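Novice: Can you read through this structure? Questions will come right after.
Laboratory data are not the source of any read-out in this text; all were calculated from the coordinates shown. All of these numbers come straight from a predicted model, not from anything done at the bench. Cβ coordinates were reconstructed from backbone atoms using ideal geometry, including for glycine residues, and neighbour counts include every protein chain displayed.
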Amino acid sequence: MLPSRVKLVDVGPRDGLQNEKQPVPAATKIALVHMLQAAGLREIEVTSFVSPKWVPQMADNAEVMAGIQRQAGVRYSVLTPNLQGFEAAVKSHPTEIVVFGAASEAFSHKNINCSIAESIARFAPVVSAARAAGIYVRGAMSCTVGCPYEGEVPPQRVGYLAKLMKDIGVQHVGVADTIGVGTPRKIQAALEATLQHYALDDVSGHFHDTYGQALANTLASLELGIWQFDTSVAGLGGCPYAKGATGNVATEDVVYLLHGMGIDTGIDLDRLVDAGVFISEALGRQTSSRVARALLSKRAG
Ligand code: HMG
Ligand code: MG
């Protein structure tokens, strides 16, 4: 049976914008967060506390966090790759932090400049500090079906990483198809490997849409009972260390799919489309969401 309710985490402000070459003012990012929460999003991945040399677009992390008018019941998460990032992040009072590792060694090196084992050793004190401070800890697992450097990634590698995350106290893990190469059965295998170590309520899907498979992969995940997904308004995004990978599946497209199947999200699709229009115009391009484009042409007509 499919879940009757789904939680979407909009990662647009972070995963979406981290890859933008043009500077996006902090005020624009803050306005986007405000529009997302007004549309009914209850969790927003706002920014990351990473090295500004590696990801210049996220250098305004503290300014963005400080500028948000927080709404009761909304969770604000940020990425923290190491203790230095965590210590900076904690001053901004995130609801949740995200440590991010990879199922492929090569991607781990390219993205966070260390091996999988070293990354876990770096995350361990971050997880302990966060949990001691009452901050929820999510783990992102990149390249769970394919890697831009190593090719296909077997589910055993995903299970291995999930176990390492579990052992250091990470409370929830996201199974990410970083480069959007996955197809439904492969995604299910990666999720099943993760479910060996985490309960169904503690696993989410994070699908980039490079090959147009993300909606099919979302449905395949729902079939396993997965009810939490990361999505990105207007389909923004990509990873600076995964060349050619496009954004996450558009939040609008997933909302349309879910509502069409009678699954509740608490999100107002019209207001979400407005948020997507706002950020797309700020970036000087058309939205990547097929649903938003269809609804906009209907509005225009
Ligand atoms: P490093 O160079 O190995 O770090 O980078 P280091 O500890 O050797 O320090 C070198 C310099 O970086 C020092 O500065 C540190 O202060 C500074 P210097 O003395 O040279 O002036 N530094 C920091 N500055 C600010 N914040 C920090 C920090 N840490 C060190 N937290 C590091 C290692 C992890 C920092 C680097 O590789 C990095 O920042 N990587 C981030 C890459 C990234 O953000 N990628 C995108 C997010 S992941 C993603 O998109 C995937 C996801 O969506 C899921 C999916 O789709 O797969 C989550
Ligand atoms: Mg991503």
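Novice: Going out from 0 in 20 Å bins, what whole percent of all Cα-Cα distances in the chain drops into each bin?
Specialist: 38, 60, 2
Novice: So, one more: I want to verify a result. In a Gaussian network model of the chain, Cα cutoff 10 Å, which of these has the top mean-square fluctuation: ILE97, ILE68, ILE44?
Specialist: ILE68
Novice: Follow-up question, since we're still on this one. At R0 = 22 Å, how high is the FRET efficiency between LYS91 and GLU20 if r is their beta carbon distance? Nearest 0.05 is fine.
Specialist: On the way: r = 25 Å, r/R0 = 1.13.
Here the calculated transfer efficiency is 0.35.
Novice: From the helices alone, meaning DSSP H stretches of at least four residues, give me the mean residue ellipticity at 222 nm for the chain, per-run term -39500 (n - 2.57), in deg cm²/dmol to the nearest 500.
Specialist: That calculation yields -12500 deg cm²/dmol at 222 nm.
Novice: When the chain is modelled as a GNM with alpha-carbon springs shorter than 10 Å, which of ALA102, ALA250, ALA132 fluctuates the most?
Specialist: ALA132
Novice: Between the alpha-carbon centers of segment 244-268 and segment 269-301, tell me the distance in whole angstrom.
Specialist: 14
Novice: Give me the one-decimal nm value for the distance between modelled label points at LEU83 and ASP264, 7 Å along each residue's Cα-to-Cβ direction.
Specialist: 4.5
Novice: In whole angstrom, note down how far apart the Cα centers of segment 222-243 and segment 133-211 are.
Specialist: 12
Novice: Suppose the chain between THR183 and GLN171 were pulled fully straight at 0.36 nm per residue; how much longer would it get relative to their current alpha carbon spacing?
Specialist: 1.7 nm is the gain from fully extending THR183 to GLN171.
Novice: Then there's this: Calculate, for ARG70 and ARG290, the FRET efficiency according to 1/(1 + (r/R0)^6) with r their C-beta to C-beta distance and R0 22 Å; round to the nearest 0.05.
Specialist: Details: r = 32 Å, r/R0 = 1.44.
Using R0 = 22 Å, I get an efficiency of 0.10.
Novice: Further question on the same structure: Per the chain: cysteines with no other Cys C-beta under 4.7 angstrom?
Specialist: By the Cβ distance rule, which asks for a partner under 4.7 Å, the isolated cysteines are CYS114, CYS239.
Novice: Same structure, new question: Which part of segment 2-45 falls in the paramagnetic zone of TYR136, meaning amide N under 19 Å from the point 7 Å along Cα-to-beta-carbon?
Specialist: 3-15, 33-34, 36-45
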